[in-house]
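Where a number appears in this text, it was derived from the coordinates with a stated rule and is not lab data. Predicted model, so just to flag it, every value in this text is computed and none were measured. Neighbour counts are summed over all protein chains in view; Cβ atoms, including those assigned to glycine, are modelled from backbone coordinates with ideal geometry.
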């Protein structure tokens, strides 16, 4: 896994056989997408989270972007283990 502009996942078996991969938007791209593809959401910079649930637009966007990526990564790992163990 590599997290930059995009998050890339490469699935490789223990014997080094390449299975495939996935690519999804990185943190900054997620923030930009919410700003560019909506009428009124602001463009935010990532901030350290101190809450799991947002209490206004900015904290809700931050928790959505950051925890969304965390749960995406966890989901890919869990599904990979389930399918290819």
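Give the residues of the range 17-34 that are part of a loop (DSSP other than H, G, I, E, B) and surrounded by 10 or more Cβ atoms within 10 Å (Cβ to Cβ), sorted by residue number.
The answer is 26, and nothing else.
Identify all residues within the range 35-77 that are surrounded by 16 or more Cβ atoms within 10 Å (Cβ to Cβ) and either part of a loop (DSSP other than H, G, I, E, B) or free of Cβ contacts under 8 Å to residues at least 40 places away in the same chain (or both); write none if there are none.
41, 44, 59, 61, 62, 63, 65, 66
Restricting attention to the range 1-16, which residues are in contact with a strand residue (DSSP E or B) (Cβ under 8 Å, 6 or more places away or on another chain) and assigned to a strand (DSSP E or B)?
2, 6, 7, 8, 9, 10, 11, 12
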